[in-house]
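Data first, discussion second: the structure below is written as structure tokens.
Read-outs throughout are calculated quantities, based only on the coordinates presented, and are distinct from any laboratory measurement. Small disclaimer: the values here were computed from a predicted structure and weren't measured. Note that each Cβ is placed from the backbone with ideal geometry, even for glycine, and that neighbours are counted across all protein chains shown.
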Protein chains: 2
Amino acid sequence: MATIYEVSKLAGVSLATVSRVINNNAPVRQATRVKVLDAMDKLGYHPNSIAQSLASSRSNSIGIVVSELNGPFFGTLLSDIEAAFRRAGKHVIIAAGHSDERLEKESIAFLKSRNCDALILHVEAVSDDYLRQLNEGGTPFVILNRFVESMSDRCVTLNNQHGGYLATQHLLRNGHRKIGYISGPMWKNDAEQRYLGHLRALAEYGIESKSSLFYEGDFHELGGVKGVAALLHADADITAIVCANDEMAAGAVTTAREQGLRLPEDLSIVGFDNVNFSHYMYPKLTTIDYPIGGMGVMAARWVLKHIYQQKLDNIQTVFEPRVIERDSVHSI
Amino acid sequence: MATIYEVSKLAGVSLATVSRVINNNAPVRQATRVKVLDAMDKLGYHPNSIAQSLASSRSNSIGIVVSELNGPFFGTLLSDIEAAFRRAGKHVIIAAGHSDERLEKESIAFLKSRNCDALILHVEAVSDDYLRQLNEGGTPFVILNRFVESMSDRCVTLNNQHGGYLATQHLLRNGHRKIGYISGPMWKNDAEQRYLGHLRALAEYGIESKSSLFYEGDFHELGGVKGVAALLHADADITAIVCANDEMAAGAVTTAREQGLRLPEDLSIVGFDNVNFSHYMYPKLTTIDYPIGGMGVMAARWVLKHIYQQKLDNIQTVFEPRVIERDSVHSI
DNA sequence: TTGTACGCGTTATCAA
DNA sequence: TTGATAACGCGTACAA
């Protein structure tokens with residue numbers, strides 16, 4: 001690999017000048033610039049990004065922590081984040097936290113040890129206190145899908161509560177009154193918020209919530225499977241169920257059908273997230289759109305703006321969910 | 001951030017000794033080691049991986065190129081690769097090639113400029129010649145899902161042809177004789193191989209292929225949608241269709257049902273890949289398992305063994321597909 | 001078993 | 001507008 005030194009020799013200029021044309025951050029006479037560019041071309045020169053990093057104490061890399069790398073939800077998130085940074089010549093280093101406190105901390109430590117210029121965190125298990133402490137640590141970060149008081153400007157969140165509200169309201173408007181709810185793990189903030197929204201919609205219609213209509217799942221298929229079973233068992237005349245995410249909705253749909261119910265005639269179901277497979281389901285799932293890709297891009301823009309001084313404005317931190325009407329809700 | 005220099009001062013030893021205990025690649029007296037470890041602890045020292053890289057001309061990072069970051073297929077691939085490297089203290093840098101020649105080349109250039117120690121490539125658009133040429137370029141790489149003659153030991157592939165064979169054979173064994181085929185883009189190697197396998201199974205049963213039973217799709221949902229429409233239009237008494245991947249199968253299922261067909265009674269469908277949503281479908285999709293996660297891990301092991309000198313054996317380069325029987329095939 | 005000294009390929013400061 | 005030259009933080013011969 002050719003170095004900046006060889007380029008400078010071939011072009012007959014100094015190291016410094018070559019560096020200047022590479023970064024074009026200082027005036028260089030056009031003729032000189034051309035000479036340098038030519039030399040770089042002839043030698044097939046590419047800057048060594050490691051050396052650049054060491055000298056500039058900047059790695060041009062951004063660390064991302066997500067819960068899982070697979071799964072439809074994080075796939076679109078990562079895809080959009082990667083694209084945004086790639087355009088800017090930055091690269092992402094990705095680590096999986098698996099919703100586990102130890103692993104999340106390990107991931108963050110790992111990324112920091114990689115000298116990331118910034119982090120984008122979708123973490124669920126670590127405490128707010130931990131994050132506040134991390135905040136003192138030098139490496140700046142943005143938080144996805146979670147609101148921490150003292151760093152509100154760096155939290156990109158969905159209005160989860162409103163999403164939960166919309167899901168239930170949609171059912172209510174379609175005439176349903178006996179509505180089951182399959183929740184995510186209540187220790188997760190988004191799960192709690194969605195449920196709160198559900199309760200609010202119910203309250204608006206003067207319906208009181210009953211514990212027999214609630215099931216706490218795991219945000220995975222199995223939670224949906226067990227959830228319908230439990231709900232149907234406890235209260236056979238439920239006409240609709242809202243699932244706090246699409247994966248559980250998938251499990252719910254399958255199980256309900258296996259129990260002999262016609263969907264959506266006998267049971268309406270609405271999901272949450274609008275992941276890519278939700279319209280491969282049968283019936284196609286009515287769900288709440290979670291614009292995760294856009295939120296990822298916004299997090300990326302925050303980093304680009306505040307860490308790399310790009311001139312960007314309109315950093316939006318709160319996103320609104322909306323209903324995606326498909327075929328899994330029956331009007332009664 | 002504390003540096004190795006401060007540690008050496010505090011511990012009262014030389015830089016070299018500190019380096020030795022960090023990498024523990026040279027004898028250090030136990031007492032000395034303890035002193036150094038203590039000093040590192042007191043200072044909260046963490047090695048600067050960038051400086052390590054520059055000095056050792058090794059980045060401990062592996063570049064991965066996949067077609068898409070989202071989508072169920074690549075998600076599990078990336079997840080397993082990341083986990084494997086993470087355990088070894090390496091990290092991955094991921095880039096999307098989008099099945100486009102220019103983007104694939106750009107991605108590779110980008111990763112090389114990041115000084116990756118090795119690359120794992122799932123590329124479809126670049127030519128074999130390009131890969132052979134890349135092979136001269138210094139950065140070693142492993143190829144996924146593609147066989148290039150002169151570098152066979154570094155190609156981790158699925159026996160796609162056998163997969164195509166199995167899919168059709170399964171249908172044949174269930175009594176189907178009029179079988180449609182929705183292919184991926186024939187310029188893609190795996191699409192071609194799968195189709196060849198299909199033809200071979202047909203031939204074994206003495207059935208000749210008809211062009212009216214073939215449709216070239218795009219490996220996406222839309223291909224399945226258009227595919228069934230075309231196939232059913234051309235030949236109304238088809239009893240089964242094999243789709244060259246699960247996404248197309250999803251589109252096929254939906255469209256067939258919209259055309260009033262009962263599945264699987266009126267039309268059997270088999271997919272390929274066994275992506276995670278294939279059992280969220282209705283009917284649950286019978287498909288061919290593509291052990292993509294395991295193949296990714298194997299690629300990672302190759303890198304660990306050959307680039308990082310880990311003592312690993314049993315590098316398997318050819319994987320075998322198998323039938324996953326679910327509910328989308330009807331026996332006649 | 002330990003220390004010295006140089007090199008890795010850049011950036012950045014200061015003069016010129 | 002350009003050129004010396006000192007960092008950047010660490011690995012690694014080579015010497016002791």
Amide H partners (placed H, <5 Å) of A:Gly180, local residues excluded: A:Thr239, A:Ala240, A:Ile241, A:Val242
Residues B:Lys9 and B:Arg29, FRET efficiency given R0 of 25 Å [Cβ-Cβ distance, rounded to 0.05]: 0.85
Excluding exposed DSSP-loop GluC sites (Glu not before Pro) (at most 15 other C-beta within 10 Å), longest clean stretch of chain A: A:1-135
Packing-based exposure ordering (other Cβ within 10 Å, fewest first) of A:Thr287, B:Thr255: B:Thr255, A:Thr287
Residue among A:Ala11, A:Val28, A:His46 farthest towards the positive dipole end of region A:4-47, charges placed on Cβ: A:Val28
Residue (of A:Thr157, A:Phe147, A:Leu172) at the positive-pole extreme of region A:144-231, dipole from beta-carbon charges: A:Leu172
Student exercise, region A:142-257 dipole from Lys, Arg, Asp, Glu Cβ charges, in Debye to nearest 20: 220
Amide H contacts of B:Val318 (H built 1.01 Å from N, under 5 Å, at least 5 apart or other chain): B:Thr157
Residue order, fewest to most beta carbons within 10 Å, for A:Trp187, A:Trp302: A:Trp187, A:Trp302
Per-residue Cβ neighbour rank within 10 angstrom, fewest leading, A:Cys155, A:Cys243: A:Cys155, A:Cys243
Three-way shape label, the protein assembly as shown, alpha-carbon gyration tensor, a/c 1.5: oblate
Centre separation in Å (Cα based) which lies between region B:1-42 and region A:308-332: 52
Cα-based helix-to-principal-axis angle, A:292-306 vs chain A, degrees rounded to 10: 30
Of B:Ile94, B:Asn60, B:Ala249, farthest towards positive along the dipole that unit charges on Lys, Arg, Asp, Glu beta carbons give chain B: B:Asn60
Placed amide H near B:Ile64: partners under 5 Å, 5+ positions off or other chain: B:Ile93, B:Ile94, B:Ala95, B:Ile120
Distance in nm between pseudo-label sites at A:Tyr130 and B:Arg322 (7 Å out along the Cβ direction from Cα): 3.8
Cα gyration tensor, chain B - rounded (a/c under 1.5), prolate or oblate: prolate
Angle in degrees between helix A:160-173 and the longest Cα principal axis of chain A, rounded to the nearest 10: 40
Computed [θ] at 222 nm, helices only, for chain B once each DSSP H run of length n ≥ 4 contributes -39500 (n - 2.57): -14000 deg cm²/dmol
Region B:81-104-region A:225-247 distance, computed between alpha-carbon centres (Å): 40
Gaussian network model of chain A, Cα within-10 Å springs - most flexible of A:Leu199, A:Leu54, A:Leu119: A:Leu54
Global form of region B:160-290, assessed from the alpha-carbon gyration tensor, a/c cut-off 1.5: rounded
Between 0 and 90°, nearest 10: helix A:189-204 axis offset from chain A longest Cα axis: 40
